[in-house]
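Structure first, then comments.
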Amino acid sequence: MTPANFNGQIPTIDANDAVMLLIDHQSGLFQLVHDMPMPTLRTHATVLAKIATLANIPVITTASVPQGPNGPLIPEIHQYAPHAQYVPRKGEINAWDNPDFVAAVKATGRKTLIIAGTVTSVCMAFPAISAVAEGFKVFAVIDASGTYSKMAQEVTLARVVQAGVVPMDTAAVVAEIQHTWNREDAMEWANLWGGVFIEYGLLMESYQKAQDVVTNQESLDSQRA
């Protein structure tokens, strides 16, 4: 299927045209997630918030009946994206059915949406498909969304791709927006990779220790008397 609304352009994220929509990442809804470990989902959603802050990307959040069993938004999103705008809904399951939410998106003047939501088959898929129908370029971050089974994830992927949505994972979003290591804030981006891959964080620790040994002229244990 052809990604929608790119008009012949390469379907990649333009950070200067992007808005991040983090939908219904709520503590109660997280209990329904079985297509990945819940801590992984939570970490990936947090990484998206950090990306938005580093890249100056607007963030819009919303929650589905947060005063009920769906629970509140996880606090990390607004903690690491303090510029995020929260839009309350009046019970709409599809966030795009809420006029205030759509107005907040359109007020940014941007046409590229990076969407993640729990659960994938509803809270991510419904607004993603609706936004495509209104002419937006839409990227869905599958591993920063979560749903109740691998089957539900696979069916949803097929559905959103048929609608013209571009599926991605969190690592691809980091890499595509970071774009290059030749940048002044490269170390901040490197720290983000430790959130995506725990192993990369351990690699960073080992590298930093090796640098400290040289810089501080630290004696090796094997050379000590």
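The values are calculated or read from the model by the stated rules, or taken from the named source; none is laboratory data. Small disclaimer: the values here were computed from a predicted structure and weren't measured. Methodologically, a virtual Cβ is constructed for each residue, glycine included, from the backbone with ideal geometry; neighbour enumeration extends over all protein chains shown. Quick note on the areas: whole protein, heavy atoms, side chains included, nothing else; ligands and nucleic acids left out. Shrake-Rupley method; radii C 1.70, N 1.55, O 1.52, S 1.80 Å.
Listed by chain and number, the lysines placed with their C-alpha closer than 20 angstrom to that of residue 137 are 106, 111; residues fewer than eight positions away on the same chain are left out.
Solvent exposure of the stretch 74-206 amounts to 46 Å² per residue of accessible area, where only protein heavy atoms count and the probe is 1.4 Å.
Roughly how compact is the stretch 133-225, stated as its Cα Rg over 2.2 N^0.38 Å to two decimals?
After normalising by residue count via 2.2 N^0.38 Å, the value is 1.66.
Scanning residues 5 or more positions from residue 111 or on other chains, none has an amide H under 5 Å from its amide H, with H placed 1.01 Å from N in the peptide plane. Determine the shape class of the stretch 16-73: with a ≥ b ≥ c the square roots of the Cα gyration tensor eigenvalues, call it rounded for a/c under 1.5, and otherwise prolate if a/b is greater than b/c, oblate otherwise. Note, shape of the stretch 16-73 comes out oblate. A simple rule links phi to the HN-Hα coupling: the Karplus curve 6.51 cos²θ - 1.76 cosθ + 1.60 with θ = phi - 60°, which for the stretch 174-186 gives 4, 5, 5, 7, 4, 6, 8, 7, 7, 8, 5, 9, 4 Hz, with x for Gly and Pro. For the chain, find the longest principal axis of its Cα atoms and tell me its angle to the long axis of helix 150-163, 0 to 90°, nearest 10. The angle comes out near 70 degrees. Once the Cα atoms are used to define both axes, helix 198-215 deviates from the longest principal axis of the chain by about 30 degrees.
I want the antiparallel fraction of DSSP beta bridges within the chain, as a percent rounded to 5.
5
Of the accessible area of the chain, computed with a 1.4 Å probe over protein heavy atoms only, carbon and sulfur atoms account for 56 percent.
The convex hull defined by the C-alpha atoms of the stretch 87-201 has an orientation-averaged projected area of 8.6 nm². Magnitude of the charge dipole for the chain, about its Cα centre and with charges confined to Cβ atoms of Lys, Arg (+1) and Asp, Glu (-1), is about 500 debye. Here is the list for the stretch 27-94: trypsin sites (Lys or Arg not before Pro) lying in DSSP coil, each with at most 10 other C-beta atoms within 10 angstrom of its C-beta, are 90. The alpha-carbon of residue 209 sits under 19 angstrom from the alpha-carbons of these aspartates and glutamates, leaving out residues fewer than 8 places away in its chain: 188, 199, 218, 221. Using every pair of separate Cα atoms, the Kirkwood estimate puts the hydrodynamic radius of the stretch 132-182 at 12.2 angstrom.
Ranked from largest to smallest solvent-accessible area, with a 1.4 Å probe on the protein heavy atoms, 43, 112 come out as 43, 112. Projected over all directions and averaged, the alpha-carbon convex hull of the chain occupies 15.0 nm².
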